[in-house]
1. To the nearest 0.05, how large is the calculated FRET efficiency for D271 and F118 if R₀ is 22 Å and r is the Cβ-Cβ distance?
2. State the Cα centre-to-centre distance between the stretch 112-152 and the stretch 221-277 in whole Å.
3. At R0 = 30 Å, how high is the FRET efficiency between E84 and M217 if r is their beta carbon distance? Nearest 0.05 is fine.
4. E202 to I147: extension gain in nm, 0.36 nm per residue of separation minus the Cα-Cα distance?
5. Can you list which of the trypsin sites (Lys or Arg not before Pro) found in the stretch 125-173 are DSSP loop residues with at most 13 other C-beta atoms within 10 Å?
6. What percent of all Cα-Cα pairs in the stretch 103-168 falls into each 5 Å bin, going from 0 up to the bin containing the maximum distance?
7. Can you classify the stretch 97-139 as rounded, prolate or oblate using the Cα gyration tensor, where a ≥ b ≥ c are the square roots of its eigenvalues, rounded means a/c under 1.5, and otherwise it's prolate if a/b beats b/c and oblate if not?
8. Going 7 Å from the Cα of D58 toward and past its Cβ, which residues in the stretch 179-206 have a backbone nitrogen under 17 Å from where you end up?
Amino acid sequence: MKISPLSRPFGRSCGLPAACASIMLALPCFAQDGGDAKPVTPPATTAPAAAKVPEAKDIIALYVKALGGETAIRSHTSRMMKGEMELPAMGGDPMVASMVIYSAAPNKMLAEIEVPDFGQVRQGYDGKVAWSIDPMSGPVILPEEQIEQMKEQTDFYGEIDFDKRFKSMESLDERDFDGVRCYALKMIDLEDGESTYLFEVESGLLRGTKQTEETQMGPMEMTNINKEYKEFGGVKFPVHTEIEMMGMARIMRFSVIELDGVAAEVFALPDEVQALVKQAEEAAAEPQPALDKPVEPAQPEPRKDKV
């Protein structure tokens, strides 16, 4: 069974931001030299808070309300999003890829990305198998140890299920982030990973997250910035997101978001991936050769005295 070389953890956020980050950062080969990459935002500075920062649970409650409320969010069970992804190139103008992302409750996802001069990249999760297909690597399956992480990242209601995703949430301070005033929360996930969530004071919306990610090149600082939100079906979604990592920014913009109506067949495993799953199942079912019984060392013959 082929295992994806791109399989690595991205983002301690969940739901849409985490899935988008994983998709965007699975295309690192187009940004090695930076080119005309947009410079990253300077680190956020902390200013003395004029008033006491609200409790973390109250900030989260304001965020859920700002999105449209829990009832409105849970009333939808699937989603289709169309847009474009801007990737810093190795020189010249940034590369722009078109994309469609499908998702459904509880945790199904399919992303299809058309990259100029490269071809189509597809990534998916049907609730059991996480996979990807691209012209360079062909069909690959994520290893078992990353399935739980994929399940969490594709949680359709992950944006409001904070209690399920984090063991602790702590209010830190009020600070400037990407030009807006935000409340900063320290978030500790179920695997003790730490990240900072920044919620806009005025609107209550999540403006960004900051964390250190373990990658194939070592630990990397990653910042996720939600530049703009729009309302679809009574729920607000980030339609302009930037992910800054390794000194470069990857930009994702959505122009169409349709809620509900995504057919279950959309998430079916492609034939190439089904073949890999079958190979893995057959290999697991094959009887393992029995270990030979260890041969005991020969005992020395009794010594005969000379006559």
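Just so it is clear, none of the values below were taken in a lab; they were calculated from the coordinates. Since the structure is predicted, the reported quantities are computational estimates derived from the model, not experimental observations. Cβ sites come from the backbone with ideal geometry, for glycine too, and all protein chains shown count toward neighbours.
1. On the way: r = 22 Å, r/R0 = 0.99.
About 0.50, to the nearest 0.05.
2. 14
3. Result of the calculation: an efficiency of 0.65.
4. Numbers: separation 55, 0.36 × 55 = 19.80 nm, distance 3.72 nm.
Full-extension gain reported as 16.1 nm.
5. Details: sites: K128, K151, K164, R165, K167; in loops: K128.
Answer by residue number: K128.
6. That works out to 4, 17, 23, 19, 17, 11, 6, 3, 1, in percent per bin.
7. Oblate is the answer for the stretch 97-139, as a/c is 1.5 or above yet b/c matches or exceeds a/b.
8. Taking a point 7 Å out along Cα→Cβ of D58, the residues of the stretch 179-206 whose backbone N falls under 17 Å are 182-186, 199-205.
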